[in-house]
Amino acid sequence: MRRIFLSLLTTVIFAGATFAHNAPVEKSDSTKIPFSVKALAFRGMFLDNNTHFNKFQPFHPAGVHMGLEFPSLQQRPWQEYLGNPTIGVGLSWLDFSHEMVGMSIAAYPYILLDAIDTDFLNVRFKFAAGLGYVTEHWYTQEDTNPDHYYEPTVNTIFGCPINVYLNAGINMNFPITDYLSLGGEFGYYHMSNGRTNMPNIGMNVLYGSVGVTATFNSEVKKKPVQFPDLPYGWALNITGAAGAQKAAIADPNKFLISSLHIGPVYHVNNWYEVGLGLDVFYNGGITKNTDRNLYCDGDFAEDTDDDGENDKFFDCTTCGSEKDKDYGFAQKVRAGISLNNEFKFGAVTAIVDWGVYFYNPSRNIYYNYHRDNYGTVVPKRPLLYSSPHGAGSEEACHYIRFGLKYRVWDNLYLHASAKTHLHICEFVEFGLGYQIPFLKKPNRSEGKSIVFHHRKNWWVE
């Protein structure tokens, strides 16, 4: 890894220095586009502390981040509204420092939002989302027996080669010249398959990095265009989505998942919307998840190893008829009320929703390890309860949804999101949605409020 990074670093420095030496003095060529190339070496630590990671200890992920960045020239409304952010495309090589876990290559677009911008220091918030390919996963191992799930000889972190890559961090640059700067980044990244395959433990890493950035055509300055504020205040979002997931390693079947979201949003400003929504979820595999010992009235097995850990697990060999019970449609449906947050980047909108279930029959299907709290049989839990496995559990009474929307025509948009319980992903979905917005002020020509359409150049009048 050191050799790879040193080669990239040398290339970036040489390119930046060469360009600086040969840079034109005049700023006459307006066709040029300013851009930057960066190389960062990083090292991280796992945030997960469980049997899946402890069996590989000690190891620390390391790698190289490469980026191609294009600064905003304030030629679009969303660029002005967000303070002229920088858009980039990244490529990361990740070494997980263990032969059983392997390596990964991730590709992703990202955005940098200015927090501090001076002649001596530039600090920006980074948000990225893409895909990552891993070289080692459950089905590349010789031992894929589901009964050996916790054995130290199998990789239970990744269940398939293609995984979602999410990254958030703080990026810093210290300019040396107009064309070259030193910098670094610290942040967090996550990789998992969104439960499209099992297992889906995934990986959460906190990292720090250092590197260099070379900037080209920095002398190009285009006159920014001023755009008026968006004229609308409220809108109604309607979104439908679906997908498929596995419920257990031992079960080869995939089950349908789907959702419907309806809710009003208020446009706080030109880039942020907040609102409340009604969510209805269907998970065809929620009653088939044998990995979490659902609907299984068995006994605890004894801890037989000598590792000093209390490794009690649920023994399903004593299960009765409940294991094969066929639960109906109503037990596979959940409904909740959510607080919706939408961040607009032109045709792209990022969504972060947090909700609480008001209809959740599956809470009574999950076996609770805390017998003292709920009894020895599957109990009737209240709607709001404290999960024995924490907030990041499928047994939690709340949920989070992260996603993206892309406006393809008028107010019609494509939708992709992941529904999670904190850091535990339940499923990934794809769908369509429509936003019905309304003018904040009366139309000047008609004297009344009308439907606002994003695709119309309303600012040109």
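Based on this model, can you work out whether residue 129 counts as at pLDDT below 95 and part of a strand (DSSP E or B)?
Working: at pLDDT below 95: yes; part of a strand (DSSP E or B): yes.
Yes: the conditions hold for residue 129.
Among the residues that make up segment 94-103, is at least one of them assigned to a strand (DSSP E or B) and more than 19 Å from residue 211 (Cβ to Cβ)?
Scanning segment 94-103 turns up at least one residue that is assigned to a strand (DSSP E or B) and more than 19 Å from residue 211 (Cβ to Cβ).
How many residues does segment 411-427 hold that are under 15 Å from residue 286 (Cβ atoms) and either at pLDDT below 90 or not charged (D, E, K, R) (or both)?
The total comes to 6.
Against the definition (surrounded by 15 or more Cβ atoms within 10 Å (Cβ to Cβ) and more than 30 Å from residue 182 (Cα to Cα)), how does residue 266 come out, yes or no?
Working: surrounded by 15 or more Cβ atoms within 10 Å (Cβ to Cβ): no; more than 30 Å from residue 182 (Cα to Cα): yes.
So residue 266 fails the test.
Would you confirm, using the coordinates I've provided, whether residue 174 is closer than 30 Å to residue 267 by Cα, surrounded by fewer than 22 Cβ atoms within 10 Å (Cβ to Cβ), in contact (Cβ under 8 Å) with a residue 24 or more places away in the chain and not assigned by TED's automatic domain parsing to the domain that holds residue 274?
Numbers: closer than 30 Å to residue 267 by Cα: no; surrounded by fewer than 22 Cβ atoms within 10 Å (Cβ to Cβ): yes; in contact (Cβ under 8 Å) with a residue 24 or more places away in the chain: yes; not assigned by TED's automatic domain parsing to the domain that holds residue 274: yes.
No, not satisfied.
Please give the strands (runs of 3 or more DSSP E) falling wholly within segment 198-299 in which 2 or more residues are modelled with pLDDT under 95 and more than 21 Å from the chain's Cα centre (by Cα).
Filter on segment 198-299 gives 203-216, 232-246, 254-267.
Given the criteria in the same structural domain as residue 49 (by TED's automatic domain parsing) and out of contact with any helix residue (DSSP H, G or I) (no Cβ under 9 Å at 6 or more places or on another chain), does residue 159 qualify?
No.
Looking at (1) of a type in the set (D, E, K, R); (2) touching a Ser or Thr at 6+ places or on another chain (Cβ under 7 Å); (3) touching a residue at least 40 places away in the same chain (Cβ under 8 Å), can you tell me which one residue 143 breaks?
(3)
Which of the residues belonging to segment 27-83 are touching a Ser or Thr at 6+ places or on another chain (Cβ under 7 Å) and among the acidic types (Asp, Glu)?
Across segment 27-83, the qualifying residue is only 69.
With (1) of a type outside the set (Lys, Arg); (2) part of a loop (DSSP other than H, G, I, E, B); (3) in contact with a Gly (Cβ under 8 Å, 6 or more places away or on another chain) as the list, and residue 171 as the residue in question, which single condition is left unmet?
(2)
Of all residues in segment 337-361, count the ones that are among the small types (Gly, Ala, Ser) and over 30 Å from residue 74 (Cβ atoms).
Going through segment 337-361, the residues among the small types (Gly, Ala, Ser) turn out to be 338, 346-347, 350, 355.
In the following step, the residues that additionally are over 30 Å from residue 74 (Cβ atoms) were identified as 338, 355.
Residues flagged as among the small types (Gly, Ala, Ser) and over 30 Å from residue 74 (Cβ atoms) within segment 337-361 amount to 2.
Pick from 64, 101: which is touching a strand residue (DSSP E or B) at 6+ places or on another chain (Cβ under 6 Å) and assigned by TED's automatic domain parsing to the domain that holds residue 166?
Every option except 64 fails the conditions.
When the residues of segment 73-93 are filtered to those that are aliphatic (A, V, I, L, M) and not in a strand (DSSP E or B), which remaining residue is surrounded by the fewest Cβ atoms within 10 Å (Cβ to Cβ)?
First pass over segment 73-93, keeping only residues aliphatic (A, V, I, L, M): 73, 82, 87, 89, 91.
Adding the requirement that they be not in a strand (DSSP E or B) leaves 73, 82.
Numbers: 73: 16, 82: 21.
Filtering segment 73-93 for residues that are aliphatic (A, V, I, L, M) and not in a strand (DSSP E or B), the one surrounded by the fewest Cβ atoms within 10 Å (Cβ to Cβ) comes out as 73.
Between 192, 181, which is farther than 19 Å from residue 46 by Cα, of a type in the set (Ser, Thr, Tyr), in contact with a strand residue (DSSP E or B) (Cβ under 7 Å, 6 or more places away or on another chain) and modelled with pLDDT of 90 or more? Walk me through how you get there before you give the answer.
Working: 192 fails: farther than 19 Å from residue 46 by Cα.
Residue meeting the stated conditions: 181.
Please pick out the residue among 244, 250 that is free of Cβ contacts under 8 Å to residues at least 60 places away in the same chain and either more than 30 Å from residue 67 (Cβ to Cβ) or in the same structural domain as residue 165 (by TED's automatic domain parsing) (or both).
Being free of Cβ contacts under 8 Å to residues at least 60 places away in the same chain and either more than 30 Å from residue 67 (Cβ to Cβ) or in the same structural domain as residue 165 (by TED's automatic domain parsing) (or both) holds for just one of 244, 250, which is 244.
For residue 214, which of the numbered conditions (1) in contact (Cβ under 8 Å) with a residue 60 or more places away in the chain; (2) surrounded by fewer than 18 Cβ atoms within 10 Å (Cβ to Cβ); (3) within 30 Å of residue 33 (Cα to Cα) fails to hold?
All conditions pass for residue 214, except number (2).
The values are calculated or read from the model by the stated rules, or taken from the named source; none is laboratory data. Here the structure is a predicted model, which means the values were calculated and not measured. Ideal geometry is used to build each Cβ from the backbone, glycine not excepted, and the neighbour counts take in all protein chains shown.
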